[in-house]
Amino acid sequence: MSIPREEHPRKQLEHENWINLNGEWQFEIDNSKSGEARGLQNKGTILNSSILVPFCPESKLSGVEHKDFMYGVWYKRNINVNKNGERFVLHFGAVDYEAKVFVNGIAAGVHRGGYTSFSFDITDLLSEGENEITVYATDDTRNPLIPSGKQSNEYNSYGCLYTRTTGIWQTVWLEIMPREHINNIRYFPNINDPSITLTVDTCGIGDLECNISYNGEYMGRYSAKALKGKITFNVPLKEKHLWEVGCGRLYDVELKFGNDNVKSYFGLREVSLDGHKFRINGKSVFQRLILDQGFYPDGIYTAPTDDELKGDIERSMALGFNGARLHEKIFEERFLYHADRLGYMVWGEYPDWGLDHSREDNIYSILPEWIEAIKRDINHPSIIGWCPHNETWGNPYLPAIALIYEATKAIDPTRPCIDTSGGYHVKTDIYCVHNYDQDYVKFKADYDRLMSEGYLYDSFAGKQQYRGEAVFVSEYGGIAWNLDSEGWGYGTGPKSLEEFYERYKGLTDALLDNAEIMGLCYTQLTDIEQEQNGLYKYDRTPKFDTKRMYDIMSRKAAIED
């Protein structure tokens, strides 16, 4: 049987020797969470069914398609290894929510957080020949201290909450590395020299060699003897090839440390804010973004193929968009890899919905995983900003929002951070608002006041204060268009296709023509279940004339150079 999602999941840190562990695993639902007491973790214990990893058990592609709440799930599979002095590191792209991993019945480690990657060195738990890997995942979407993004907290999907995801939902893989090896790489580009500074985190002592190329041509090299620990060095680049919107020019990197060989890449670009302008490499760029929630009809959180991951970016670009808000979900790294290659801007966001934002202790649910997300994705040139919260309505605990903003900026001062998309803003680099007004004449008049009076229209002005920051309308539109089935969108749906185009153009023109607004984000890329305001259907078939939509969205904005 072919392996689903067989591609390498982490192209910025690709070790030479690795094994994809996707495919058929044993599986069992454990709603009573009694499996450990019953010894399901023990080697040789057989689970009562099977599943196709990496697809969640709620999905059709998993072969399980169990849509009810699952509070505990178990996975098992065997692997064969030859122990020749190497280190064996077991990786998980993501497991929702808490994962306990056992090797041959012995605990290997625990990870909390349903959206970030983690790994365990399992070398000392392995035996020569056949070994058993067991994963026990627990989740509770109704728990106000477990972030769940857009997963429904009721039996059925409703409103803008959809089918849940439980357990393993990204690739599982095993890396076999020499004792002396590379654990991580951090890139610091300098577009002016041009040069790239690398910090390479190593294990053991070894000779280091770094070779950089662009389209197969030599760009730079570094080498040194008998190094260890964190190694920082700078490589001048022979030619400057800037990463730009629509032109994801990437440099290839080959690193060798001892006998460990790693492939990687980076983009040469910088982002900055200049008054109300957002700049990439010094050039003002208007953000024409689409809201992308990363749901798939047959895989739920998991794209059925790598081509479908890339396809969502290409579908967005075909309509004139140059980026996306990756909404209420930390996307898998393969999506970011395709965004890097295609020159597609994205905001790295956190799935904070499901949390009770009024509680002080919610910070313990967000901050550890958010830090993991930033550190995992910080090298991707496609990520042009961070946004840890979205719509924290009610009475949120504001000091937590400010603290997470500060932590984000401490880890990565090179990108802007929006504290809370739409509100409530506490401390932010960009002031963004959500506005689903369907009257494009009023919509334009409200935001034109920013140009004429310096006044930002904000329906939540009593809860937050605009202080002159750069302005981003980070949700608008959401026009209902669901002639084929029952569903909903924002406002009263147009009575004809021509009326849709007129409304879409009127709302979009109002933002493109505003010289004080740096970007827009239209809701949304595709229909998702009952929410049918996408520009594509849930199965990714087009709903509108692609060229006409492209012409509306792609024309030059007033704020652009």
> How high is the relative contact order of the chain, given as a whole-number percent (alpha carbon pairs under 8 Å, six or more residues apart)?
Replying inline: 12
> Just how far, in whole angstrom, is segment 191-243 from segment 254-321 if you go by their alpha carbon centroids?
Replying inline: 23
>> Pairs of alpha-carbon atoms within less than 8 angstrom and 6+ residues apart define the contacts here; what relative contact order does segment 368-524 have, in percent?
In response: 20
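How big is the dipole moment of segment 174-238 about its Cα centre under a simple scheme where the beta carbon of each Lys and Arg is +1, that of each Asp and Glu is -1, and everything else is neutral? Debye, nearest 20, please. Please list the in-between numbers first.
Numbers: 7 positive and 7 negative charges, 33 e Å.
My answer is approximately 160 debye.
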> Taking the Cα centre of segment 87-200 as origin and charging only Cβ (+1 Lys, Arg; -1 Asp, Glu), how large is the dipole, in debye to the nearest 20?
Replying inline: 380
> Against the longest alpha carbon principal axis of the chain, how many degrees, from 0 to 90 and to the nearest 10, is the axis of helix 333-342 turned?
Replying inline: 50
> In terms of Cα to Cα distance under 19 Å, which lysines are near enough to residue 230, apart from those fewer than 8 places away along the same chain?
Replying inline: 256, 263, 375
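Might you report the magnitude of the Cβ-based charge dipole of the chain about its Cα centre, with Lys and Arg at +1 and Asp and Glu at -1, to the nearest 20 debye? Before the final figure, lay out the partial values.
Details: 60 positive and 84 negative charges, 186 e Å.
That gives the chain a dipole magnitude of about 900 debye.
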> So, in Å, what gap is there between the alpha-carbon centers of segment 423-451 and segment 75-103?
Replying inline: 48
> Okay, which of segment 283-321 sit inside 14 Å, backbone N to the point 7 Å along the Cα-Cβ direction of residue 67?
Replying inline: 297-300
> residue 33: which lysines have alpha carbons under 25 Å from its alpha carbon, excluding same-chain residues fewer than 8 sequence positions away?
Replying inline: 43, 60, 67, 76, 100, 150
> Relative to the longest principal axis of the chain, what angle (0 to 90°, nearest 10) does the C-alpha long axis of helix 440-452 take?
Replying inline: 90
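I need the calculated FRET efficiency for the pair residue 281 and residue 492, taking r as the beta carbon distance and R₀ as 45 Å, to the nearest 0.05.
0.60
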> Using Cα atoms only, what is the angle between the long axis of helix 363-377 and the major principal axis of the chain, expressed in degrees (0 to 90) to the nearest 10?
Replying inline: 80
>> Net charge within 14 Å of residue 546 by Cβ-Cβ distance, Lys/Arg positive one each and Asp/Glu negative one each, not counting residue 546 itself?
In response: +3
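Show that you can apply the helix-only estimate: for the chain, add -39,500 (n - 2.57) for every DSSP H stretch of four or more residues, divide by all residues, and state [θ] at 222 nm to the nearest 500.
-5000 deg cm²/dmol
So for segment 1-158, averaging the separation of alpha carbon pairs under 8 Å that are six or more residues apart and normalising by length, what relative contact order in percent results? Show your work: numbers first, answer last.
On the way: 296 pairs, mean separation 33.6, N = 158.
About 21 percent, as a whole number.
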>> Restricting to lysines 8 or more places apart or on different chains, can you count the pairs in segment 410-512 with Cα atoms under 24 Å from each other?
In response: 8
>> Let me cross-check residue 188: its accessible surface, 1.4 Å probe, with only protein heavy atoms counted, in Å² to the nearest 10?
In response: 90
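Just to confirm a number: summing +1 for Lys and Arg and -1 for Asp and Glu over residues other than residue 256 whose beta-carbon lies under 9 angstrom from that of residue 256, what do you get? Mind showing how you got there, number by number?
Numbers: positive: none; negative: 207, 209, 254, 260.
Net charge in that neighbourhood comes out at -4.
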> Which entry in [x] 102, 54, 51; [y] 72, 58, 45; [z] 82, 52, 41 is this structure's computed Cα extents along the principal axes in Å?
Replying inline: [y]
> Among 496, 265, 54, whose Cα lies farthest out toward the positive end of the dipole of the chain, if unit charges sit on the beta carbon of Lys, Arg (+1) and Asp, Glu (-1)?
Replying inline: 265
> Which Cα, out of 382, 163, 294, lies furthest along the positive dipole direction of the chain (beta carbon charges, K/R +1, D/E -1)?
Replying inline: 382
> Summing +1 for each Lys or Arg and -1 for each Asp or Glu, what net charge is found among the other residues whose Cβ lies under 12 Å from the Cβ of residue 195?
Replying inline: 0
> Shape call for segment 390-548 from the C-alpha gyration tensor, a ≥ b ≥ c root eigenvalues: rounded (a/c under 1.5), prolate (a/b greater than b/c) or oblate?
Replying inline: prolate
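The values are calculated or read from the model by the stated rules, or taken from the named source; none is laboratory data. Note that the structure is predicted; figures quoted are calculated from it, not measured. As a convention, Cβ positions derive from the backbone with ideal geometry for all residues, glycine included, and neighbour counts pool all protein chains shown. Please note that ligands, DNA and RNA were not included when accessible areas were found on the heavy atoms of the full protein model with its side chains. Shrake-Rupley method; radii C 1.70, N 1.55, O 1.52, S 1.80 Å.
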